[in-house]
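The numbers here are math on the coordinates, done by the rules we state, and not lab data. If you're wondering where the values come from, they're calculated on a predicted model, not measured in any experiment. So basically every Cβ, Gly included, is an ideal-geometry build from the backbone, and we count neighbours across all protein chains shown.
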Amino acid sequence: MNLTPLVSIIIPNYNHSVFLVQRLESVFNQTYKNFEVILLDDKSTDDSLDILRQYVNHPKVSHSVFNEINSGNTFDQWNKGISLAKGDLIWIAESDDFCELNFLEKVIKPFLDNNQVVLSYCQSKKVDQNNNLTGNWIEYTEKLDLQKKFSGNFIMDGNLFIEKFLINKNVIPNASAVVFKKEVIKKGDLDIDSEFRYCGDWIFYFKLIINHKVAFIAESLNNFRYHTNSVIATAKKTENRIRIIDIDFNMRKVFVRFIKERNMSYPSYNLIKKHNTNVIRELKYEKALLLIKSNDIQGYIILLSVFDIFLRESNIRKRIKMKIRNFLK
């Protein structure tokens, strides 16, 4: 890859007029200058189009596609943008987020240092709809990251990254923090079943990094906005926890199929499959407790299949209670 690769920045928008100017200005004013911008709108009903039309003639804008019918699928918009992209690298800059002006300059550096890197992403800050800082996404990886890898920059084998982190949960929580190589995308990689509409990015990253390398930048260069209409908030409102667990079960079947299809080496394949089985068992335990709490007998049946976890958790609770009693004596 040359030292100044073209980056295609895809901005898929739907009803984010209140955040749109901040998003666009944080893109157009990047310190890294070799980029094109692809503006997409999925039939917004707010003032988004009025704002977007002010930018369509910007010299960096290569395409503006405003749907006349809502697609109902975020990943259809991603696919459309990628099909139009001329760049070596793709950045999907979601319309309700914003970033530091040196985001691209820092996040593309691993691609220049190591040609096996296919995905590079940075740490993200949490912000609310009023731009108030509410936290940092490093908290999201703390329980998995016993060696504190996420406290510094790293380049890691993709299969190892899946084994240690990505098989457990989506440790790449925001698309706006990610830049990836266009050339590694295979046909159908973004054909995401509607059941997985809230976790399709997780599936996509999983496919991309198998047998490649992933890079992480520890600096918080991305601002991931959490608001009442954000993807995470919408998922929590529309899907109850039991339904989310069932979706997770089905998604993990998809993961196992992918690692078979992509000819992952057997040591990695076996370890990831083992980790996946362990996560499924933990999810079954959580589902069993939720069903029992709602007086559903199915919960007891599921609990029998993971009874060792029940015993383990019961012993942990007993030890904690004993420590509290001893402390209060």
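General remarks:
- Partners for LYS126 among lysines (Cα-Cα distance below 22 Å; same-chain residues under 8 apart left out): LYS106, LYS143, LYS148, LYS149, LYS169, LYS236, LYS237
- Restricting the calculation to alpha carbons of the range 241-328 gives Rg and Dmax of 17.0, 57 angstrom.
- Cβ crowding within 10 Å, taken as a proxy for footprinting-reagent exposure, orders CYS122, CYS199 from fewest neighbours to most as CYS199, CYS122.
- Projecting label points 7 angstrom from Cα along Cα→Cβ for ASN102 and HIS58 puts them 2.2 nm apart.
- Computed from label points 7 Å out along Cα-Cβ, the spacing between GLU219 and ASN70 is 3.9 nm.
- Student exercise, the chain dipole from Lys, Arg, Asp, Glu Cβ charges, in Debye to nearest 20: 1860
- Estimated from the Cβ-Cβ distance and a Förster radius of 45 angstrom, the FRET efficiency linking GLN298 and SER151 is about 0.60.
- Alpha-carbon centroid distance for the pair the range 1-51 / the range 84-149, whole angstrom: 16
- Among GLY299, GLY158, GLY87, the largest mean-square fluctuation in a Gaussian network model of the chain (Cα springs under 10 Å) belongs to GLY299.
- Considering only PHE35, VAL18, VAL56, the residue lying farthest towards the positive end of the dipole of the range 4-60 is PHE35, judged by Cα position with unit charges set on Cβ.
- The alpha carbon radius of gyration of the chain, expressed as a multiple of 2.2 N^0.38 Å, is 1.08.
- Cross-link pairs beyond the 18 Å C-alpha cut-off, checked among LYS182/LYS273; LYS253/LYS274; LYS125/LYS181: LYS182/LYS273; LYS125/LYS181
- Under the span-like rule (Cα at least 27 Å along the axis, Kyte-Doolittle mean at least -1.0), DSSP H helices of the chain: 241-261, 266-293, 307-328
- At an R0 of 35 angstrom, the distance between the Cβ atoms of ILE244 and ASN315 translates into a FRET efficiency of 0.80.
- Between LEU84 and ARG257, the contour length at 0.36 nm per residue exceeds the Cα-Cα span by 59.4 nm.
- Each peptide in 143-156, 205-218, 282-295 receives the mean, over its residues, of other Cβ atoms within 10 Å, and ordering these scores from highest gives 205-218, 282-295, 143-156.
- Mean Cα-pair separation over length for the chain, i.e. relative contact order, pairs under 8 Å, 6 or more apart, %: 18
- Distance between modelled label sites at LYS187 and LYS33, nm, 7 Å Cα→Cβ extension: 3.9
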